[in-house]
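Beneath this line is the structure, given in structure tokens, with notes to follow.
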Amino acid sequence: MTLFEGLFQSTDRFTTKFQESLERLQSLARMEESPTQLETTKRQYLVPAEEIHCTLEVVPVDDQPHVHKVEHRDEERCIETTNSTLRRAQSTESVDSTASSLMEVNQDIPSVSLTLTYDLPSQMLSCQIHSLQDCPVDGAQLWMLFFLLPHSKPLWRTEAVKLNSPYIEYHSIYQQCVRRSDLSKIALLVQLYSSHGLSANVVGSCRLRIKDLELNMGPTLSLTLAPNRTRSPMDEFSPVSLGEILFLVNFAADRLSIVLSKVRHLDGSYTDAFIRVYVVQPMGKVLKKKTSTRKLEAGSASFMESLFVPIPRQKLMKSHIRLSVVCSDKNGGPPRSMGHVTLGPKTAGRELGQWLRIGRGEQTQQASWHHIRPRATAF
């Protein structure tokens, strides 16, 4: 190879590399001119809207003889009620041993304080963690996992902290891109874990549907992390159900009104049923009312009764409302409570969402179906 041939080859290689570098610089310049396009290509959304599906399945519980299988249907199906078809429910002043079990709603349970916001231009859902309260002080390490159901993988995790007091303060903000159209299809699940050495257990959890919140107001919430029997995060969308009850609750002018419409999908061994309503106030005071008894046909009955409870709003926000379905079976034994629905600040899921709407003073003329759950999972 002559000297001139070597110089020509070196010049060609230099020219090729120079052109590649120039093209790379031009590409970067185009990206800087259109930053929104670059951001869109890199942004990872939670999931495409068309891929979000939630099929409800029931997790069987060993010590419950009858568990109703929940079919896939529209979760927000409601039935309107009219005042002309309603009867006044009965009032009872005595509180029997059944009501004594309600005192558990006032027990201290770990709770997490957080703020949820949604920025519409960036489609960013933000979760700011403030504190964890009423934790058991037993020398264990605690941490929390955060899910956006129906996705089974956790998105965020707090740092493990060894407890020296029942209060932990956080300064954490977590974010996730979520399309606006998907906000009505997801729920926030918070799970609290405790670890002693190499073993870790779920202390409690709480689920809250995003569509039950006013995200434009940036609500600060206190979610109670109650113990439950779920085996995986997806079980939070799979409620153990002994049937369903249709009712609505409104509150205005220091007056609580409850309309009890129907029950369905109860066990076929029950012949008749009535509904007890408890309003559990602070310091253990319980107000109790009940409906008339109705015959069950194929596990269903219609009540169409209403009740009213005068109570100040400040006291109501610290209270709980429990609807207990009491049934008699074919053997002729005494009526017994077969399951409950509880509304209050320490509940979760649809019940917590309805409670938040009551606190905001929203009025509705439609009743919605709620799952009747065993006492151990009534919260």
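The values are calculated or read from the model by the stated rules, or taken from the named source; none is laboratory data. Because the structure is a prediction, the values reported are computed rather than measured. Positions of Cβ are generated from backbone atoms using ideal geometry, with glycine treated the same way; all protein chains shown enter the neighbour counts. Note: accessible area is taken over every heavy atom of the protein model, side chains too, but ligands, DNA and RNA are not part of it. Shrake-Rupley method; radii C 1.70, N 1.55, O 1.52, S 1.80 Å.
Is there any pair linking a residue in the range 356-372 that is touching a residue at least 40 places away in the same chain (Cβ under 8 Å) and more than 19 Å from S241 (Cα to Cα) to one that is open to solvent by 70 Å² or more (accessible area, probe 1.4 Å) and among the charged types (D, E, K, R), with Cβ under 8 Å and at least six apart or on different chains, and which?
Short answer, once both residue conditions are applied: R360/E214; Q365/E80; Q366/E80.
Evaluate the following for P136: is it modelled with pLDDT of 90 or more and in a loop (DSSP other than H, G, I, E, B)?
No.
If you go through the range 279-311, how many residues are farther than 23 Å from H265 by Cα, open to solvent by 70 Å² or more (accessible area, probe 1.4 Å) and outside any strand (DSSP E or B)?
Qualifying residue count, the range 279-311: 2.
Let me confirm something: among L183, L120, L132, which residue is open to solvent by less than 30 Å² (accessible area, probe 1.4 Å), touching a residue at least 24 places away in the same chain (Cβ under 8 Å), of a type outside the set (S, T, Y) and closer than 17 Å to M217 by Cα?
Residue meeting the stated conditions: L183.
How many residues are open to solvent by 40 Å² or more (accessible area, probe 1.4 Å) and assigned to a strand (DSSP E or B) when one looks only at the range 316-336?
Looking only at that region, the number is 2.
Take S152 and tell me if it is polar (S, T, N, Q), in a loop (DSSP other than H, G, I, E, B) and open to solvent by less than 70 Å² (accessible area, probe 1.4 Å).
Here the answer is yes, as S152 does meet what is asked.
Given the residues E214, E169, E159, which is the only one that is farther than 26 Å from P345 by Cβ, open to solvent by 70 Å² or more (accessible area, probe 1.4 Å) and of a type in the set (D, E, K, R)?
Exactly one residue qualifies, and that residue is E159.
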